[in-house]
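Report on one structure; see the data block that follows.
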Amino acid sequence: MKIIEGKKTFNLDEFLKKPLFAHLSTLSSEGPRESPVWFYWEDECIYIIGTPSSDSFPGRIEKNPECAIGIVDLDHTTGKVLHAGFRGCATVEPFDKRIATRLLARYLGPEEEKWDPRFQGLGNSNILIKFVPETVVVRDQSFIPSI
């Protein structure tokens with residue numbers, strides 16, 4: 001993975017430990033599509049849980065694996081704006097309960113029995129998207145707030 005750093009940068013691995021939203025951009029026959037998703041970073045890959053019965057992005061990735069992912073950490077009160085933009089290819093993988101549990105625990109906490117019922121007991125009706133970045137642009141685009 002090639003990392004392209006802006007003039008101001010930050011630690012990518014520390015940034016990706018935060019429970020932020022990622023925006024997955026894929027291509028369809030009707031044009032580009034964007035999906036906000038939770039993610040998990042491991043071994044320089046981004047993992048995303050998908051449900052083929054209700055999510056359309058797994059089918060788009062099967063047809064065209066080239067995609068992009070953008071992640072932003074913003075605090076408008078302090079002016080903090082950290083951005084990581086990934087370009088690469090993704091694959092649809094069988095569901096892996098261990099990876100899915102680590103992903104969900106970042107957002108919902110360590111105790112699965114306390115999670116929203118929609119996320120408890122996920123299984124083989126789900127899949128994982130494995131995104132392998134070719135390049136990532138890492139930029140600190142922070143500003144001085146006017147308020």
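The values are calculated or read from the model by the stated rules, or taken from the named source; none is laboratory data. Keep in mind that this is a model prediction, so the values were computed, not measured. FYI the Cβ positions are ideal-geometry reconstructions off the backbone, even for glycines, and counts take in every protein chain you see. SASA here: full protein model, heavy atoms, side chains in, ligands and nucleic acids out. Shrake-Rupley method; radii C 1.70, N 1.55, O 1.52, S 1.80 Å.
Please specify each residue of the range 3-27 satisfying the condition of being among the charged types (D, E, K, R), out of contact with any Asp or Glu (no Cβ under 7 Å at 6 or more places or on another chain) and outside any helix (DSSP H, G or I).
First, the residues of the range 3-27 that are among the charged types (D, E, K, R): 5, 7-8, 13-14, 17-18.
Next, only the ones that are out of contact with any Asp or Glu (no Cβ under 7 Å at 6 or more places or on another chain) stay: 5, 7, 13-14, 17.
Once the filter is applied, which keeps residues that are among the charged types (D, E, K, R), out of contact with any Asp or Glu (no Cβ under 7 Å at 6 or more places or on another chain) and outside any helix (DSSP H, G or I), the range 3-27 yields Glu5, Lys7, Lys17.
Which of (1) farther than 27 Å from Leu27 by Cα; (2) open to solvent by 70 Å² or more (accessible area, probe 1.4 Å); (3) of a type outside the set (Gly, Ala, Ser) does Arg106 not meet, given it meets every other one?
(2)
Report yes if some residue within the range 28-51 is part of a helix (DSSP H, G or I) and in contact (Cβ under 8 Å) with a residue 12 or more places away in the chain; otherwise report no.
Filtering the range 28-51 down to residues part of a helix (DSSP H, G or I) leaves none.
The answer is no; no qualifying residue exists.
For the range 73-94, state whether one or more residues are surrounded by 11 or more Cβ atoms within 10 Å (Cβ to Cβ), without any contact (Cβ under 8 Å) to a residue 24 or more places away in the chain and not acidic (Asp, Glu). So that I can check it myself, show each step before the final result.
Of the residues in the range 73-94, the ones surrounded by 11 or more Cβ atoms within 10 Å (Cβ to Cβ) are 73-75, 78-93.
Imposing the further condition that a residue be without any contact (Cβ under 8 Å) to a residue 24 or more places away in the chain reduces the set to 74-75.
Those still in the list that are not acidic (Asp, Glu) too: 74.
For the range 73-94, residues surrounded by 11 or more Cβ atoms within 10 Å (Cβ to Cβ), without any contact (Cβ under 8 Å) to a residue 24 or more places away in the chain and not acidic (Asp, Glu): present.
Name the single residue, out of those in the range 1-56 being open to solvent by less than 70 Å² (accessible area, probe 1.4 Å) and of a type in the set (Asp, Glu), that is nearest to the chain's Cα centre (by Cα).
Glu42
May I ask you to list the residues in the range 70-104 that are closer than 16 Å to Asp43 by Cβ, part of a strand (DSSP E or B) and not acidic (Asp, Glu)? Can you show your working first?
In the first step, residues of the range 70-104 are kept if they are closer than 16 Å to Asp43 by Cβ; the result is 86, 88-91, 93, 96, 98-100, 102-103.
Restricting the remaining residues to those that are part of a strand (DSSP E or B) gives 86, 88-91, 93.
Phe86, Gly88, Cys89, Ala90, Thr91 - these are the residues of the range 70-104 that are closer than 16 Å to Asp43 by Cβ, part of a strand (DSSP E or B) and not acidic (Asp, Glu).
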